[in-house]
Amino acid sequence: MILVTGGAGFIGANFVLDWVAGSDEPVLNLDKLTYAGNLETLASLNGNTRHVFVQGDIGDSQLLGKLLAEHKPRAVVNFAAESHVDRSIHGPGDFIETNVVGTFRLLESVRGYWSALPEAEKAAFRFLHVSTDEVYGSLKKEDPAFTEENKYEPNSPYSASKAASDHLVRAWHHTYGLPVLTTNCSNNYGPYHFPEKLIPLMIVNALAGKPLPVYGDGMQVRDWLYVKDHCSAIRRVLEAGKLGETYNVGGWNEKPNIEIVKTVCALLDELKPRADGKPYAEQITYVTDRPGHDRRYAIDARKLERELGWKPAETFETGIRKTVEWYLVHGEWVRNVQSGAYREWVEKQYKAAP
Ligand code: NAD
Ligand code: TYD
């Protein structure tokens, strides 16, 4: 049995679905079901005895103690987090609560369980912490991609809270010997992505005839990885990663935001043309920039390839086409996760540029 936290969110749910499809080992899935957690994503696992879902908080030590004692997992994969930069600007409190305090409490619960295990199980145990490249801060145009040696220079409340959690995980290894692994991945995209993030938001807004808000000049660069490739990297690190090490995960797909938005528009023009025959790109609207907006992220994933033989299966072209196709046939999933109150705030915050 493995314990996955945050397994009803975007990446966690993709991980759980892939795990159950590819392994006989059961998954205990602990998720608080915040706005970002969605059991509908896991509906295909209803009745499957290899998936046990529990609604709860990673910071609930009593619940964790009980679950660990009862299910005796051999590993924990920690996805649970508040994950959206704009929300962290809007209200950083939840980010500190879950990403920092929650991770601390989870580490303590796991340490209590792990230290009482028999020697062989103790040695085989793994705590894999899923983190982001945003902890390294922002790159200049001419800078090389982030390696595992880069300094931590987080700039947003989100990235600062994730950086703090990475440091806690590191310290629990150095101080208590907890067998940890950390992955720092670039921007993900793919099925079940909450439509507050760039790619799904553009698809959903385009289809609804709404503006496609591009922050600032749209020349900020992100490095995109198809979510299933992130999941395969996590499985590989869990299986063969060196204890206490961190691994950068990415697919060498640096693109400016405006190019991403235009690519999405072109795919929609092909797959679901607008009723009036005009291009979706007409909906692109430049809006005020995000406060403290990081200019560029880029991941050097050579360590993971060299040491553990991992490579992504998708190119950006194949992954983005699959993603757009997925959203075209999952309109109901999208309608069910959209939240009115948050969109109102975003629309007020990001007004069209004069
Ligand atoms: P998400 O927001 O889609 O999902 C997060 C999940 O965690 C949700 O199901 C939510 O209900 C759950 N959760 C939140 N607080 C919780 C708590 N206190 N206890 C238990 N569950 C809780 O996020 P995501 O995009 O799937 O990201 C998953 C992880 O991967 C995060 O740690 C994130 O920092 C990291 N990451 C994300 C990306 C990306 O591009 N999305 C890239 C690199 C790393
Ligand atoms: P996002 O998906 O929020 O991920 P992150 O901030 O973690 O990289 O944003 C990706 C990029 O797209 C980022 O540079 C901000 C930009 N962006 C827009 O231009 N418009 C939008 O409506 C959103 C949500 C993001």
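The table for this structure:
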{"read-out": "Unique match (being within 14 Å of ligand 1 (Cβ to nearest atom) and of a type outside the set (Gly, Ala, Ser)) among Leu117, Leu139, Leu107", "value": "Leu107"}
{"read-out": "Segment 67-78, residues that are under 18 Å from Arg50 (Cβ atoms) and either part of a loop (DSSP other than H, G, I, E, B) or not aliphatic (A, V, I, L, M) (or both)", "value": "Glu70, His71, Lys72, Pro73, Arg74"}
{"read-out": "Filter pass, Phe95 being open to solvent by 60 Å² or more (accessible area, probe 1.4 Å), assigned to a helix (DSSP H, G or I) and at pLDDT 95 or above", "value": "no"}
{"read-out": "Flag if Asp18 is open to solvent by 20 Å² or more (accessible area, probe 1.4 Å) and in contact with a Cys (Cβ under 7 Å, 6 or more places away or on another chain)", "value": "yes"}
{"read-out": "Val227 vs. criteria surrounded by 19 or more Cβ atoms within 10 Å (Cβ to Cβ), under 17 Å from the mean Cα position of the chain (by Cα) and aliphatic (A, V, I, L, M)", "value": "yes"}
{"read-out": "Those residues of segment 84-103 which are more than 22 Å from Ser186 (Cβ to Cβ) and within 14 Å of ligand 2 (Cβ to nearest atom), in sequence order", "value": "His90"}
{"read-out": "Whichever residue in segment 200-220 is among the hydrophobic types (A, V, I, L, M, F, W, C) and not in a helix (DSSP H, G or I) and, among such residues, is farthest from Arg302 (Cα to Cα)", "value": "Ala208"}
{"read-out": "Subset tally (residues that are surrounded by fewer than 21 Cβ atoms within 10 Å (Cβ to Cβ) and within 16 Å of ligand 1 (Cβ to nearest atom)) for segment 199-219", "value": "2"}
{"read-out": "Qualifying positions in segment 1-47 - within 16 Å of the chain's Cα centre (by Cα) and of a type in the set (Phe, Trp, Tyr)", "value": "Phe10, Phe15, Tyr35"}
{"read-out": "Test: residue in segment 85-103 that is more than 9 Å from ligand 1 (Cβ to nearest atom) and among the aromatic types (Phe, Trp, Tyr)", "value": "yes"}
{"read-out": "Filter result (open to solvent by less than 40 Å² (accessible area, probe 1.4 Å), within 18 Å of Asn187 (Cα to Cα), of a type outside the set (Gly, Ala, Ser) and more than 12 Å from ligand 2 (Cβ to nearest atom)) within segment 267-302", "value": "Ile299, Asp300"}
{"read-out": "Scan of segment 10-54 for residues that are hydroxyl-bearing (Ser, Thr, Tyr), more than 22 Å from Leu106 (Cα to Cα) and not in a helix (DSSP H, G or I), ordered by number", "value": "Ser23, Thr49"}
{"read-out": "Checklist (1) touching a Pro at 6+ places or on another chain (Cβ under 8 Å); (2) among the hydrophobic types (A, V, I, L, M, F, W, C); (3) open to solvent by 30 Å² or more (accessible area, probe 1.4 Å); (4) within 10 Å of ligand 1 (Cβ to nearest atom) applied to Phe194, failing item", "value": "(3)"}
{"read-out": "Scope segment 121-140; condition away from ligand 2 (no atom under 15 Å from the Cβ) and either open to solvent by less than 10 Å² (accessible area, probe 1.4 Å) or not acidic (Asp, Glu) (or both); matching residues", "value": "Lys122, Ala123, Ala124, Phe125, Arg126, Phe127, Leu128, His129, Lys140"}
{"read-out": "Hits in segment 271-301 (condition: in contact (Cβ under 8 Å) with a residue 12 or more places away in the chain, part of a helix (DSSP H, G or I) and not hydrophobic (A, V, I, L, M, F, W, C))", "value": "Tyr280, Gln283"}
{"read-out": "Options Ala233, Ala240; residue that is among the hydrophobic types (A, V, I, L, M, F, W, C), touching a helix residue (DSSP H, G or I) at 6+ places or on another chain (Cβ under 8 Å) and surrounded by fewer than 16 Cβ atoms within 10 Å (Cβ to Cβ)", "value": "Ala240"}
{"read-out": "Test result for Val264, open to solvent by less than 10 Å² (accessible area, probe 1.4 Å) and at pLDDT 95 or above", "value": "yes"}
{"read-out": "Asp223 farther than 26 Å from Leu33 by Cβ, within 12 Å of ligand 1 (Cβ to nearest atom) and not in a loop (DSSP other than H, G, I, E, B)", "value": "yes"}
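The values are calculated or read from the model by the stated rules, or taken from the named source; none is laboratory data. Just so it is clear, the structure is predicted and the values come from calculations on it, not from any experiment. Backbone-built Cβ (ideal geometry, glycine too); neighbour counts: all protein chains shown. We work out accessible area using only protein heavy atoms, side chains counted, and drop any ligands, DNA or RNA first. Shrake-Rupley method; radii C 1.70, N 1.55, O 1.52, S 1.80 Å.
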